[in-house]
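Okay, structure first, notes after.
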Amino acid sequence: MTIAIFDIQKAVFSKLNNDASLTSLLGSSSSIFENPRLIENPAFPYIALSSLSTQRFDTKNTDGTEAYITLNIFSSDGTKQNVSAIMDRVHTLLHRKNLTLDTNNFLLCAWDGLADIFIDDSNDSIITQGVIRFKIISTKG
């Protein structure tokens, strides 16, 4: 494997955690989680890693990896505006951007076109959720 899956996660989280505008929208830089279920009562709004998958992306002259990372944004304010603003900032930070990794020559992140916002009112509280997915290409060669 050209790239470790956790290196991708680390690069994405680093990019998100180090942005003052995103931190302002979230209210805290500690509002980005790998698994929010491990956090007791996470404060809204927050970003959670939904899925991260990889597959080979080799050519004749290079070894590569193609990865997809899906991020979920949760808010409890009952509107779509806050989630939309956070998704816009995440898109600005990651779409067509190079990510920093020690182990690879090239790492490009791009939005793959999936974005959705919906309201979940299935329990006592109303939670607005956004979903956005990015494709990451890594080559070494």
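Bear in mind that the values in this text are calculations on the coordinates, not laboratory data. For clarity, every value in this text was computed on a predicted model and none was experimentally measured. As a convention, Cβ positions derive from the backbone with ideal geometry for all residues, glycine included, and neighbour counts pool all protein chains shown.
The residues packed around Asp120, meaning those with a beta-carbon under 14 Å from its beta-carbon, carry a net charge of -3 if Lys and Arg are +1 and Asp and Glu are -1. Across the chain, Cα pairs under 8 Å and at least six residues apart give a relative contact order of 26 percent. Note on the chain: helix-only mean residue ellipticity at 222 nm, from DSSP H runs of 4+ residues weighted -39500 (n - 2.57) and normalised by residue number, equals -7500 deg cm²/dmol. Going 7 Å from the Cα of Asp121 in the Cα-to-Cβ direction, what parts of segment 48-78 have a backbone nitrogen less than 12 Å from that spot? Taking a point 7 Å out along Cα→Cβ of Asp121, the residues of segment 48-78 whose backbone N falls under 12 Å are 78. Extension gain for Leu114-Asn41 works out to 23.5 nm (0.36 nm per residue, less the C-alpha to C-alpha distance). Just to confirm my numbers, what's the Cα centroid distance between segment 1-60 and segment 62-98 in Å? Centre-to-centre distance over Cα atoms comes out at 9 Å.
Report, in degrees rounded to the nearest 10, the 0 to 90 angle that the Cα long axis of helix 5-17 makes with the longest principal axis of the chain. For helix 5-17, the angle is close to 50 degrees. Give, in nm to one decimal, the length gained when the segment between Asp77 and Asp58 is fully stretched (0.36 nm per residue of separation minus the Cα-Cα distance). That pair, Asp77 and Asp58, stretches by 2.4 nm at full extension. Helix 81-94 against the longest principal axis of the chain: what's the angle in degrees, Cα atoms only, rounded to the nearest 10? Result, in degrees: 10. Projecting the Cα atoms of Gln81, Gly113, Ser24 onto the dipole axis of the chain, where Lys and Arg carry +1 and Asp and Glu carry -1 at the beta carbon, places Gly113 farthest toward the positive end.
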